[in-house]
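Working notes, beginning with the structure itself.
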Amino acid sequence: MELWKPDQTFYPSPTLAMRAPRERFGYVATFDPNTALGRANGNGRHDAICVLDLDPSSPTYGQVVGRVEMPGKGDELHHFGWNACSSALCPYAPHPHVERRYLLVPGLRSSRIHVIDTKPDPRNPRVVKVISAEEIAERAGYSRPHTIHCGPDAIYVSALGSPNGDGPGGIFLLDHDSFDVLGRFEVDRGPQFLAYDFWWHLGYDVGITSEWGTPKMVEGGLVPDLLLKNEYGHAIHVWDLRRRRHLERLELGPEHQMTLELRPAHDPTKPYGFVGVVVSTKDLSASIWTWYLERGKWAVRKVIEIPPEPADPDKLPPALKPFKAVPPLVTDHILSLDDKFLYVACWGTGEVRQYDVSDPFAPKLTGSVRLGGIAARTPHPKAGAVNGAPQMVELSRDGRRLYASNSLYASWDEQFYPDGIKGWVAKIDVNPAGGMTLDPDFFVPFKDERPHQIHLEGGDCSSDSYCFP
Amino acid sequence: MSDVWPWVAAAALGAYHGLDPSMGWLFAVALGLQERSRTKLIGSLVPIGVGHLFAVGAVVLALAAARLSISASLLRGLSAAALVAFGAFRLYRPRAHPRLGGMRVKPWELALWSFMMATAHGAGLMFVPVLLGVPAPTHVHGHFGAVSALSSPSAPAHHALVVQAAALVMVHTAAMLAVMCTLALAVYNWIGLAILRRAWINLDLIWASALITAGVICLVI
């Protein structure tokens, strides 16, 4: 539907978006691990988008108040995104009178993309369209859709690989209005083969992509042999967004295995961003790297290294016992809208770290919250013992509330938390001056299903792109 | 009075395009902000103006050429049909626009962008009723639109009309640039971008309706 005024959740700049009203709802992707792992014998649950009540004045605050199930089973919902966001105000392709209304929710295993309408009742979203795996395969040659970003000219989706489970993975485009698959993004992919996340610097017409592994390398679980041979991704790629061409491959060093989430500066004039590395095969450390533009060339540099923590082998899963240590496993991180604080989730050690990244080359550790963890098992004040650890993290636009969920990916959950992850979402309160504390009263448990990405009503720190500083 | 109104209409249409953020002033603001440079902002308006000028000019030339080969009444009917059809299309697909944008644009790319946006918008098409309403220069017999269907315009008359049409296009573009420059500088310097969220009404809906109305008027004048 065409609006008379711009959708009031669109903001020209990240600075203006920080003044947005507080979110009243959160949307959480949940999946049934038994179906995803092929052990449900058809009795499993459907994956769902759950609606969290995040309005503190509501009697159902901190509870799941809505749920929309996917029509199929075994989708393994993972990441998702909005049909439209603040990039609709970009001046060269403006369409400010569309609504932020539909969630596009890919099944990372099924390759289906579900279109979910969050209006008129945000507590009661409905599935209105399903884009089939066949349509994506036919028109784009991809499968296992992952990240969704609303671009100025189309909806961009990354995909892990080809329909047969090999590579290359890449990016394809969906029409803004009809959600038809428009085709693949790359005109010239250069040496790029592995794919995972992507985002961009709209002010520079430049895209960035990261590398995990092909579907065959990840769907059955982390393959130790491939990891020891450093065959998971260890580079990021820079793209010309307008000409759809590969520009540069930035190598991090083969031991830096799995470059996952990409968090470019929200300010479109700043040509830098942060990428996380899950684990180093040299010393089990995790790291955060800054990519940046210098004299017309892009480069990448390690700016944070988080060491493994020694642990009693009895507390470790079989694969980690010989190391007598827990790797931090940085699997997600999120950047505040003012590009000031970076929140890093250590899914192995069970910690969320806050860094002041005002100087993107010299981050300062300003806060830490511990919860769960492979060996530490730090309890939650409200729930007692928990397993898993903060994994996906999402930050409110004002930068004051950080939400974390505890599941990574069904088959990988089993390897690092063999007792089986019981799903939860927790909340961390952020001090705007630096520092943070776990909210002792906020704990959302999930039964027989695991939560992954969370998106907040009206937008958050991973949902929107801006064309104005 | 009838001598004045085409000039007023041309300028008013230009001012209207100048107001519309999607026609270029907002792009100029973004380009200025990207480099923190007011010079960049003002410099960007030049190619935007050139692109717009060519988009409208192309339609004017086409109209002039058409007038030589087809009768005035047929031209009037075709123009009306084109305006109504285009307006209806804009209502049906309000977000159809060329996809060639980006923030790192060379001047010629910016001019091309402006040309495409103005064309996709129907800016030139809206000029047709203005031209059809232009009274003939006093010393030449004839009227751009109202010439009898039996008589073709004489060569000098046609020449004078083309010169006048070119002048109208210049006035139109100048008015547009004046409004664009004022708005872009005001937003860049004082007002700030938050105004977009409140004041950016759906001009596309108004414009589409205006195209259809102009088509109808075309038949009446």
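Details
- Condition check for B:Ala65: without any contact (Cβ under 8 Å) to a residue 60 or more places away in the chain, assigned to a helix (DSSP H, G or I), more than 14 Å from every other protein chain (Cβ to nearest Cβ) and surrounded by fewer than 22 Cβ atoms within 10 Å (Cβ to Cβ): yes
- The one condition from (1) under 30 Å from A:Asp267 (Cβ atoms); (2) in contact with a helix residue (DSSP H, G or I) (Cβ under 7 Å, 6 or more places away or on another chain); (3) not aromatic (Phe, Trp, Tyr) that B:Leu26 does not meet is (2).
- A:Lys129 without any contact (Cβ under 8 Å) to a residue 40 or more places away in the chain and surrounded by fewer than 20 Cβ atoms within 10 Å (Cβ to Cβ): no
- If the condition is being within 19 Å of the chain's Cα centre (by Cα), modelled with pLDDT of 90 or more and either at the interface with another protein chain (Cβ under 10 Å from one of its Cβ atoms) or buried (at least 20 other Cβ atoms within 10 Å of the Cβ) (or both), then the range B:87-108 contributes only B:Gly87.
- Against the test of being among the small types (Gly, Ala, Ser), surrounded by fewer than 22 Cβ atoms within 10 Å (Cβ to Cβ) and either more than 14 Å from every other protein chain (Cβ to nearest Cβ) or within 14 Å of B:Ile48 (Cβ to Cβ) (or both), the options B:Ser114, B:Ser71, B:Ser79 yield a single qualifying residue, B:Ser71.
- Scan of the range B:162-179 for residues that are closer than 22 Å to B:Ala65 by Cα and either more than 11 Å from the chain's Cα centre (by Cα) or of a type in the set (D, E, K, R) (or both), ordered by number: B:Val162, B:Val163, B:Gln164, B:Ala165, B:Ala166, B:Ala167
- Selection count, the range A:355-365, where residues are of a type in the set (A, V, I, L, M) and part of a loop (DSSP other than H, G, I, E, B): 2
- Test: residue in the range A:433-450 that is under 18 Å from A:Thr15 (Cα atoms) and under 17 Å from the mean Cα position of the chain (by Cα): no
- Contact map, the range A:1-24: first residue more than 9 Å from chain B (Cβ to nearest Cβ), second residue among the polar types (S, T, N, Q) and part of a loop (DSSP other than H, G, I, E, B), Cβ cut-off under 8 Å, separation 6 or more or different chains; pairs are A:Ala20/A:Thr9; A:Arg22/A:Ser396; A:Glu23/A:Ser396; A:Arg24/A:Ser58.
- Residue match in the range B:36-49 (condition: away from every other protein chain (no Cβ under 14 Å), assigned to a helix (DSSP H, G or I), under 14 Å from B:Val179 (Cα atoms) and among the aliphatic types (A, V, I, L, M)): yes
- Per-region count, the range A:6-54, residues acidic (Asp, Glu) and farther than 30 Å from B:Asn202 by Cβ: 3
- Unmet criterion (only one of (1) on the phi < 0 side of the Ramachandran plot; (2) within 14 Å of chain A (Cβ to nearest Cβ)) for B:Gly57: (2)
- Answer residue from the range B:190-212, given it is touching a residue at least 40 places away in the same chain (Cβ under 8 Å) and away from every other protein chain (no Cβ under 14 Å) and is surrounded by the most Cβ atoms within 10 Å (Cβ to Cβ) among those: B:Leu211
- Residue that is nearest to the other protein chains (Cβ to nearest Cβ), among those in the range A:54-100 that are polar (S, T, N, Q) and farther than 19 Å from A:Leu16 by Cα: A:Asn83
- Of all residue pairs spaced 6 or more apart or on separate chains, those with beta-carbon atoms under 9 Å, a first member in the range A:171-190 that is within 14 Å of chain B (Cβ to nearest Cβ) and over 16 Å from A:Ser143 (Cβ atoms) and a second member that is in a loop (DSSP other than H, G, I, E, B) and among the small types (Gly, Ala, Ser) are A:Asp175/A:Ala154; A:His176/A:Ala84; A:His176/A:Gly151; A:His176/A:Ala154; A:Leu182/A:Ala154.
- Inter-residue pairs, beta-carbon under 7 Å, first under 15 Å from A:Met258 (Cβ atoms) and in contact (Cβ under 8 Å) with a residue 60 or more places away in the chain and in the range A:280-292, second basic (Lys, Arg) and not in a strand (DSSP E or B), 6+ apart: none
- Residues that are surrounded by fewer than 21 Cβ atoms within 10 Å (Cβ to Cβ) and under 22 Å from the mean Cα position of the chain (by Cα) were ranked within the range A:35-52; the one that is farthest from the other protein chains (Cβ to nearest Cβ) is A:Leu37.
- Enumerated strands (runs of 3 or more DSSP E) restricted to the range A:278-354, each holding at least 2 residues that are farther than 23 Å from A:Ile428 by Cα: A:286-294, A:297-306
- Taking every residue in the range A:449-468 that is within 17 Å of A:Trp200 (Cβ to Cβ) and pairing it with any residue that is charged (D, E, K, R) and crowded, with 23+ Cβ neighbours inside 10 Å, at least 6 positions away or on another chain, the pairs with Cβ-Cβ distances below 7 Å are A:Gly459/A:Arg397; A:Cys461/A:Glu394; A:Cys461/A:Arg397; A:Ser462/A:Glu394.
- Restricting attention to the range A:96-139, the residues being touching a Leu at 6+ places or on another chain (Cβ under 8 Å) and farther than 29 Å from B:Trp200 by Cβ number 8.
- Qualifying residue in the range B:48-56 (condition: closer than 21 Å to B:Ser22 by Cβ, surrounded by fewer than 23 Cβ atoms within 10 Å (Cβ to Cβ) and over 11 Å from the mean Cα position of the chain (by Cα)): yes
The values are calculated or read from the model by the stated rules, or taken from the named source; none is laboratory data. Nothing here was measured: the structure is a model prediction, and the numbers come from that model. Because the Cβ atoms are built from the backbone with ideal geometry, glycine has one as well, and the counts that use them run over all protein chains shown.
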